[in-house]
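Asker: Next up is a structure, given as structure tokens.
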Amino acid sequence: MNEEFKKIVEELNKKFHEYCNLMQDYQSAMDSLAKLEFDNKQKTIDDLRQRRNAADEKMKEYFQAVIAVRKVCTHTLPNGFCSFETAGEYEVCSICGFEIKKRI
């Protein structure tokens with residue numbers, strides 16, 4: 001079960017980052033086009049804005065899906081031990097990637 005959770009979270013995170021990058025690419029394109037003069041400039045930028053907003057919505061959906069999976073993760077390995085590992089200033093679940101800042 002834990003490996004299934006891990007794969008699900010990895011796939012959801014992968015899609016989240018794909019849409020995040022796509023959204024940023026659309027924003028960069030809009031910013032670049034805004035500096036140029038050409039026919040139908042506003043229509044082109046409006047089209048890119050709609051695509052950026054759609055990518056932003058998909059990104060948010062995948063983010064919410066990751067949160068939902070993390071809510072049902074047991075954070076326990078098959079051997080019964082806690083799945084949190086130290087990663088710098090954080091404890092990170094090796095199954096779902098949930099992070100908790102360590103107390104100092």
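Asker: Given an 8 Å cut-off on Cα distances and at least 6 residues of separation, report the relative contact order of the range 60-103 as a percent.
Answerer: 27 percent
Asker: Could you please state, rounded to a whole Å, how far the C-alpha centre of the range 63-95 is from the C-alpha centre of the range 1-42?
Answerer: The two parts, judged by their Cα centres, are 26 Å apart.
Asker: Take every DSSP beta bridge whose two residues both sit in the chain, then give the antiparallel share in percent to the nearest 5.
Answerer: Percent antiparallel among DSSP bridges in the chain is about 100.
Asker: What percentages, rounded to whole numbers, describe P(r) for the chain computed over all alpha carbon pairs with 5 Å bin width beginning at zero?
Answerer: Over the chain, the share of Cα pairs per 5 Å bin runs 2, 13, 16, 14, 13, 10, 9, 7, 6, 5, 3, 1, 0 percent.
Asker: Please report, in debye to the nearest 20, how large the charge dipole of the chain is about its Cα centre when each Lys and Arg carries +1 at its beta carbon and each Asp and Glu carries -1 there.
Answerer: 240 debye
Asker: Any idea what the relative contact order of the chain is, in percent, if you count C-alpha pairs under 8 Å spaced at least 6 apart?
Answerer: The value is 31 percent.
Asker: At 7 Å along Cα-to-Cβ for each site, give me the label-to-label distance between Ala68 and Ser94 in nm.
Answerer: 2.8 nm
Asker: Can you tell which of Phe38, Leu12, Phe81 lies farthest toward the positive end of the dipole of the chain, using +1 and -1 charges on the Cβ of basic and acidic side chains (Lys, Arg; Asp, Glu)?
Answerer: The one lying farthest along the dipole's positive direction is Phe81.
Asker: When ranked by the protection proxy of mean other Cβ atoms within 10 Å per residue, highest first, what sequence do the peptides 55-62, 36-43 form?
Answerer: Packing proxy ranking, top to bottom: 55-62, 36-43.
Asker: Each residue of the range 62-74 in order: what ³J(HN,Hα) in whole Hz does its phi give by Karplus 6.51 cos²θ - 1.76 cosθ + 1.60, θ = phi - 60°, with x for Gly and Pro?
Answerer: 5, 4, 5, 5, 4, 4, 5, 5, 5, 5, 9, 5, 7
Asker: Now, a different point. Based solely on its DSSP helices, what 222 nm [θ] is calculated for the chain when runs of n ≥ 4 H residues each add -39,500 (n - 2.57) and the sum is averaged over all residues, nearest 500 deg cm²/dmol?
Answerer: -22500 deg cm²/dmol
Asker: Could I ask something else about it? Kindly count the pairs of lysines across the chain whose alpha carbons are less than 25 Å apart, treating pairs on different chains or eight or more residues apart as eligible.
Answerer: Lysine pairs meeting both conditions in the chain amount to 26.
All of the numbers you see were taken from the coordinates with simple rules; none came from a lab. Since the model is a prediction, treat every value here as computed from it, not as a measurement. Cβ sites come from the backbone with ideal geometry, for glycine too, and all protein chains shown count toward neighbours.
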